[in-house]
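Following: one structure in C-alpha coordinates, then a few remarks.
The values are calculated or read from the model by the stated rules, or taken from the named source; none is laboratory data. Keep in mind that what you see is a predicted model, and the values were worked out from it rather than measured. Note that each Cβ is placed from the backbone with ideal geometry, even for glycine, and that neighbours are counted across all protein chains shown. When the accessible area is computed, the model is the full protein with side chains, heavy atoms only, and any ligands, DNA or RNA have been set aside. Shrake-Rupley method; radii C 1.70, N 1.55, O 1.52, S 1.80 Å.
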Amino acid sequence: MAPKAIIAPSILSADFAQLGADCRRTMEQGADWLHVDIMDGHFVPNITFGAPVVAKIRKHVDKPAASYGRGTFDCHMMIAEPKKWVKEFQKAGCDLYCFHWEAAFSSAAESPEAKTDATTNPKELVRYIHDCGLLAGVALKPMTGVDVLTELLESPDPKERPDMVLIMTVEPGFGGQKFMASELPKVQALRKKYPDLNIEVDGGLGPGTIDQAADAGANVIVAGSAVFGAKDPAEVISLLRTSVDSRSGRL
(Lines give C-alpha, C1' and ligand atoms only; values in the text may rest on other atoms or scores of the structure.)
Protein backbone atom coordinates (compact mmCIF):
# COMPACT_ATOMS: atom_id res chain seq x y z
CA MET A 1 0.00 0.00 0.00
CA ALA A 2 1.37 3.43 -0.96
CA PRO A 3 1.90 6.07 1.74
CA LYS A 4 -1.19 7.95 2.91
CA ALA A 5 -2.25 11.27 1.44
CA ILE A 6 -0.67 14.36 2.98
CA ILE A 7 -2.23 17.67 2.00
CA ALA A 8 0.14 20.62 2.35
CA PRO A 9 -1.41 23.95 1.35
CA SER A 10 1.16 26.49 0.20
CA ILE A 11 1.04 29.59 2.36
CA LEU A 12 2.38 31.62 -0.56
CA SER A 13 -1.31 32.00 -1.48
CA ALA A 14 -2.42 33.02 2.01
CA ASP A 15 -3.29 36.56 3.08
CA PHE A 16 0.05 37.95 4.29
CA ALA A 17 -1.75 40.65 6.26
CA GLN A 18 -3.14 37.91 8.53
CA LEU A 19 -0.71 35.09 7.86
CA GLY A 20 -0.76 33.46 11.28
CA ALA A 21 -4.56 33.36 11.38
CA ASP A 22 -4.73 32.00 7.83
CA CYS A 23 -2.27 29.22 8.68
CA ARG A 24 -4.23 28.25 11.80
CA ARG A 25 -7.52 28.30 9.90
CA THR A 26 -6.14 26.10 7.12
CA MET A 27 -5.08 23.49 9.65
CA GLU A 28 -8.57 23.60 11.17
CA GLN A 29 -9.99 23.03 7.69
CA GLY A 30 -8.20 19.70 7.40
CA ALA A 31 -4.67 20.35 6.17
CA ASP A 32 -1.94 17.98 7.33
CA TRP A 33 1.14 20.11 6.72
CA LEU A 34 1.87 23.66 5.68
CA HIS A 35 4.10 24.15 2.65
CA VAL A 36 6.38 27.13 3.26
CA ASP A 37 8.00 28.55 0.13
CA ILE A 38 11.33 30.26 0.80
CA MET A 39 12.77 32.18 -2.18
CA ASP A 40 15.96 34.23 -2.15
CA GLY A 41 15.94 36.15 -5.43
CA HIS A 42 19.04 34.23 -6.58
CA PHE A 43 18.11 30.59 -7.12
CA VAL A 44 14.74 31.82 -8.32
CA PRO A 45 13.86 35.39 -9.39
CA ASN A 46 11.25 35.96 -6.70
CA ILE A 47 11.72 36.83 -3.01
CA THR A 48 9.30 35.68 -0.29
CA PHE A 49 10.30 35.68 3.39
CA GLY A 50 12.80 34.18 5.80
CA ALA A 51 13.20 32.45 9.13
CA PRO A 52 11.74 35.28 11.28
CA VAL A 53 8.37 34.95 9.52
CA VAL A 54 8.44 31.17 9.95
CA ALA A 55 9.08 31.65 13.67
CA LYS A 56 6.06 33.97 13.94
CA ILE A 57 3.62 31.63 12.19
CA ARG A 58 4.96 28.68 14.19
CA LYS A 59 3.26 30.26 17.21
CA HIS A 60 -0.11 29.81 15.47
CA VAL A 61 0.31 26.13 14.55
CA ASP A 62 1.19 23.38 17.04
CA LYS A 63 4.39 21.46 16.37
CA PRO A 64 3.79 17.89 15.16
CA ALA A 65 3.71 15.26 17.88
CA ALA A 66 5.72 12.86 15.69
CA SER A 67 7.71 12.86 12.46
CA TYR A 68 5.50 13.61 9.44
CA GLY A 69 2.68 14.51 11.83
CA ARG A 70 -0.04 17.08 11.60
CA GLY A 71 1.37 20.59 11.75
CA THR A 72 4.62 19.78 9.95
CA PHE A 73 6.23 22.87 8.42
CA ASP A 74 7.43 21.65 5.03
CA CYS A 75 9.97 24.33 4.10
CA HIS A 76 10.71 24.36 0.37
CA MET A 77 14.07 26.08 0.14
CA MET A 78 14.36 27.73 -3.26
CA ILE A 79 17.68 29.27 -2.30
CA ALA A 80 21.19 29.30 -3.76
CA GLU A 81 23.09 28.14 -0.66
CA PRO A 82 20.83 25.79 1.30
CA LYS A 83 23.35 24.51 3.87
CA LYS A 84 23.83 28.00 5.33
CA TRP A 85 20.23 28.21 6.47
CA VAL A 86 19.47 24.79 7.98
CA LYS A 87 20.12 25.78 11.59
CA GLU A 88 18.28 29.08 11.27
CA PHE A 89 15.14 27.38 10.00
CA GLN A 90 15.42 24.60 12.57
CA LYS A 91 15.39 27.27 15.29
CA ALA A 92 12.42 28.99 13.61
CA GLY A 93 10.26 25.85 13.74
CA CYS A 94 10.85 24.09 10.43
CA ASP A 95 10.24 20.33 10.57
CA LEU A 96 11.13 19.24 7.02
CA TYR A 97 13.90 21.08 5.16
CA CYS A 98 13.58 20.48 1.41
CA PHE A 99 16.46 21.79 -0.68
CA HIS A 100 16.86 21.77 -4.44
CA TRP A 101 19.28 19.21 -5.86
CA GLU A 102 20.38 21.84 -8.35
CA ALA A 103 21.50 24.16 -5.53
CA ALA A 104 23.25 21.53 -3.42
CA PHE A 105 26.68 21.93 -5.03
CA SER A 106 27.29 25.19 -3.20
CA SER A 107 28.87 26.63 -0.06
CA ALA A 108 29.49 24.24 2.83
CA ALA A 109 29.20 27.12 5.31
CA GLU A 110 26.87 26.33 8.21
CA SER A 111 25.56 29.83 8.90
CA PRO A 112 24.58 32.86 6.79
CA GLU A 113 27.55 34.91 7.95
CA ALA A 114 30.18 32.17 7.59
CA LYS A 115 32.64 32.08 4.71
CA THR A 116 34.36 29.04 3.20
CA ASP A 117 35.72 27.85 -0.12
CA ALA A 118 34.53 24.32 0.63
CA THR A 119 31.43 23.03 -1.13
CA THR A 120 28.78 20.55 -0.15
CA ASN A 121 26.83 18.00 -2.20
CA PRO A 122 23.35 16.42 -1.98
CA LYS A 123 24.44 13.41 0.07
CA GLU A 124 26.35 15.50 2.60
CA LEU A 125 23.48 17.97 2.82
CA VAL A 126 20.88 15.28 3.57
CA ARG A 127 23.14 13.95 6.32
CA TYR A 128 23.65 17.43 7.75
CA ILE A 129 19.90 18.14 7.82
CA HIS A 130 19.30 14.86 9.66
CA ASP A 131 22.09 15.66 12.11
CA CYS A 132 20.29 18.94 12.85
CA GLY A 133 17.20 16.98 13.85
CA LEU A 134 15.07 17.69 10.78
CA LEU A 135 13.48 15.60 8.09
CA ALA A 136 15.21 16.06 4.73
CA GLY A 137 13.60 16.55 1.34
CA VAL A 138 15.13 16.92 -2.10
CA ALA A 139 13.38 18.87 -4.85
CA LEU A 140 13.88 18.65 -8.63
CA LYS A 141 13.19 21.39 -11.16
CA PRO A 142 11.41 20.36 -14.38
CA MET A 143 14.62 20.23 -16.43
CA THR A 144 16.38 17.84 -13.99
CA GLY A 145 16.11 14.11 -14.62
CA VAL A 146 14.96 11.86 -11.81
CA ASP A 147 17.94 9.51 -12.12
CA VAL A 148 20.14 11.99 -10.24
CA LEU A 149 18.39 10.84 -7.05
CA THR A 150 19.37 7.17 -7.31
CA GLU A 151 22.60 7.57 -5.35
CA LEU A 152 20.72 9.24 -2.51
CA LEU A 153 17.69 6.98 -2.39
CA GLU A 154 19.79 3.81 -2.51
CA SER A 155 22.52 4.89 -0.10
CA PRO A 156 23.33 2.13 2.42
CA ASP A 157 23.44 4.83 5.12
CA PRO A 158 19.93 5.90 6.18
CA LYS A 159 21.24 9.33 7.21
CA GLU A 160 22.04 9.99 3.55
CA ARG A 161 18.60 9.01 2.26
CA PRO A 162 15.99 11.78 1.93
CA ASP A 163 12.65 11.39 3.69
CA MET A 164 10.76 12.94 0.77
CA VAL A 165 11.26 13.82 -2.88
CA LEU A 166 9.55 16.86 -4.39
CA ILE A 167 8.84 16.86 -8.12
CA MET A 168 8.09 20.36 -9.35
CA THR A 169 5.18 20.50 -11.78
CA VAL A 170 5.91 24.16 -12.58
CA GLU A 171 9.11 26.14 -12.80
CA PRO A 172 9.87 27.22 -9.23
CA GLY A 173 9.61 30.87 -8.32
CA PHE A 174 6.00 32.00 -8.63
CA GLY A 175 2.59 30.71 -7.58
CA GLY A 176 -0.43 30.34 -9.84
CA GLN A 177 1.36 28.71 -12.78
CA LYS A 178 -0.10 26.12 -15.15
CA PHE A 179 0.36 22.46 -14.18
CA MET A 180 3.05 20.62 -16.19
CA ALA A 181 1.80 17.06 -16.73
CA SER A 182 5.09 16.39 -18.55
CA GLU A 183 6.73 15.94 -15.12
CA LEU A 184 4.50 13.09 -13.98
CA PRO A 185 6.63 10.30 -15.52
CA LYS A 186 9.21 11.19 -12.86
CA VAL A 187 6.61 10.52 -10.18
CA GLN A 188 5.64 7.24 -11.84
CA ALA A 189 9.26 6.10 -12.02
CA LEU A 190 9.88 6.91 -8.37
CA ARG A 191 6.68 5.25 -7.15
CA LYS A 192 7.44 2.08 -9.10
CA LYS A 193 10.96 1.84 -7.71
CA TYR A 194 10.33 3.14 -4.18
CA PRO A 195 6.77 2.18 -3.16
CA ASP A 196 7.08 3.55 0.39
CA LEU A 197 8.64 6.90 -0.51
CA ASN A 198 6.84 10.16 0.25
CA ILE A 199 6.57 11.83 -3.16
CA GLU A 200 5.44 15.43 -3.24
CA VAL A 201 4.18 17.41 -6.22
CA ASP A 202 4.05 21.18 -6.28
CA GLY A 203 2.67 23.54 -8.92
CA GLY A 204 -0.73 23.94 -10.50
CA LEU A 205 -2.42 21.32 -8.30
CA GLY A 206 -6.15 21.56 -7.69
CA PRO A 207 -9.44 19.75 -8.37
CA GLY A 208 -8.78 19.77 -12.12
CA THR A 209 -5.30 18.22 -11.96
CA ILE A 210 -5.19 16.14 -8.78
CA ASP A 211 -6.33 12.92 -10.44
CA GLN A 212 -3.37 12.98 -12.83
CA ALA A 213 -0.93 13.44 -9.98
CA ALA A 214 -2.60 10.78 -7.85
CA ASP A 215 -2.64 8.31 -10.76
CA ALA A 216 1.11 8.85 -11.16
CA GLY A 217 1.69 7.97 -7.50
CA ALA A 218 2.12 11.29 -5.69
CA ASN A 219 0.95 11.26 -2.08
CA VAL A 220 2.08 14.66 -0.73
CA ILE A 221 0.03 17.34 -2.44
CA VAL A 222 0.91 21.03 -2.43
CA ALA A 223 -1.92 23.35 -3.42
CA GLY A 224 -1.88 27.10 -3.01
CA SER A 225 -4.56 29.15 -4.70
CA ALA A 226 -6.76 26.04 -5.10
CA VAL A 227 -7.10 25.92 -1.30
CA PHE A 228 -6.64 29.50 -0.09
CA GLY A 229 -8.71 30.90 -2.96
CA ALA A 230 -11.57 28.41 -2.63
CA LYS A 231 -15.05 29.27 -1.38
CA ASP A 232 -14.87 26.11 0.73
CA PRO A 233 -11.20 25.22 1.43
CA ALA A 234 -12.19 22.25 3.60
CA GLU A 235 -14.06 20.72 0.68
CA VAL A 236 -11.05 21.14 -1.62
CA ILE A 237 -8.69 19.60 0.94
CA SER A 238 -11.05 16.65 1.32
CA LEU A 239 -11.28 16.21 -2.46
CA LEU A 240 -7.48 16.19 -2.82
CA ARG A 241 -7.14 13.63 -0.03
CA THR A 242 -9.82 11.35 -1.45
CA SER A 243 -8.22 11.38 -4.89
CA VAL A 244 -4.89 10.19 -3.48
CA ASP A 245 -6.19 7.68 -0.94
CA SER A 246 -8.65 6.08 -3.36
CA ARG A 247 -5.72 5.22 -5.66
CA SER A 248 -3.49 3.92 -2.91
CA GLY A 249 -6.07 1.41 -1.72
CA ARG A 250 -6.84 3.32 1.48
CA LEU A 251 -10.49 3.91 0.51
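A Cα-only calculation for the range 42-100 places Rg and Dmax at 11.6, 35 Å. For the range 126-181 and the range 1-59, what is the centre-to-centre distance using only Cα atoms, to the nearest Å? Between the Cα centres of the range 126-181 and the range 1-59 lies a distance of 18 Å. How would the chain be classified by its alpha-carbon gyration tensor: rounded, prolate or oblate, with rounded meaning a/c under 1.5 and the a/b versus b/c comparison settling the rest? Taking the square roots of the gyration eigenvalues as a ≥ b ≥ c, the chain is oblate. Each peptide among 4-14, 230-240 gets the average number of other Cβ atoms lying within 10 Å of its residues, and from highest to lowest they stand as 4-14, 230-240. Other residues with beta-carbon under 12 Å from the beta-carbon of Arg127 carry, at +1 per Lys or Arg and -1 per Asp or Glu, a net charge of 0. Here is what passes the span test in the chain: the DSSP H helices with alpha carbon length of 20 Å or more along the helix axis and a Kyte-Doolittle mean of -1.0 or above are 233-247. For the range 81-123, the gyration tensor built on C-alpha atoms gives an oblate shape. Its axis ratio a/c (a ≥ b ≥ c) is at least 1.5, and a/b is not larger than b/c. In order along the range 62-71, the Karplus-derived 3J(HN,Hα) couplings, from 6.51 cos²θ - 1.76 cosθ + 1.60 at θ = phi - 60°, round to 4, 5, x, 6, 8, 4, 6, x, 4, x Hz, and Gly and Pro are given as x. For Phe49, the amide hydrogen comes within under 5 Å of the amide hydrogens of Met39, counting only partners 5 or more places away or on other chains and with H modelled in the peptide plane. Among 26-36, 212-222, sorting by the average number of other beta carbon atoms lying within 10 angstrom of each residue, highest first, gives 212-222, 26-36. Relative contact order, whole percent, for the range 108-217 stands at 22, derived from Cα pairs under 8 Å and 6 or more residues apart.
For the range 36-49, putting each phi into the Karplus relation 6.51 cos²θ - 1.76 cosθ + 1.60 with θ = phi - 60° gives couplings of 10, 8, 10, 10, 10, x, 10, 5, 10, x, 8, 10, 10, 8 Hz, in residue order, rounded to whole numbers and with x for Gly and Pro. Using a probe of 1.4 angstrom and keeping all protein chains present, the accessible surface of the range 176-229 works out to 40 square angstrom per residue. Toward the positive end of the charge dipole of the chain, with +1 on the Cβ of Lys and Arg and -1 on the Cβ of Asp and Glu, the farthest Cα among Thr242, Val54, Ile210 is that of Thr242.
Normalising the average separation of contacting C-alpha pairs (under 8 angstrom, six or more residues apart) by the number of residues puts the relative contact order of the chain at 21 percent. The amide H of Thr119, built 1.01 Å from its N in the peptide plane, has Ala108 as neighbours under 5 Å, considering only residues 5 or more places off or on other chains.
Need one word for the range 201-251: rounded, prolate or oblate. Basis is the Cα gyration tensor (sqrt eigenvalues a ≥ b ≥ c); a/c below 1.5 gives rounded, then a/b vs b/c decides. Oblate, because a/c is 1.5 or more while a/b does not exceed b/c. If Lys and Arg each add +1 and Asp and Glu each add -1, what is the summed charge of the other residues whose beta carbon sits under 10 Å from the beta carbon of Gly20? Result for the local shell: +4. Applying the Karplus relation 6.51 cos²θ - 1.76 cosθ + 1.60 with θ = phi - 60° to the range 79-89 yields 3J(HN,Hα) values of 10, 6, 10, x, 5, 4, 10, 4, 5, 5, 6 Hz, where x marks Gly and Pro.
Run the dipole for the chain about the Cα centre, Lys and Arg Cβ at +1, Asp and Glu Cβ at -1, nothing else charged, and hand back the magnitude in debye, nearest 20.
400 debye
Distances between placed amide hydrogens fall under 5 Å for Arg70 paired with Ala65, all partners being 5 or more residues away or on another chain. For Ile7, neighbours were defined as the other residues whose beta-carbon sits under 10 Å from its Cβ, and their charges (Lys and Arg +1, Asp and Glu -1) total 0.
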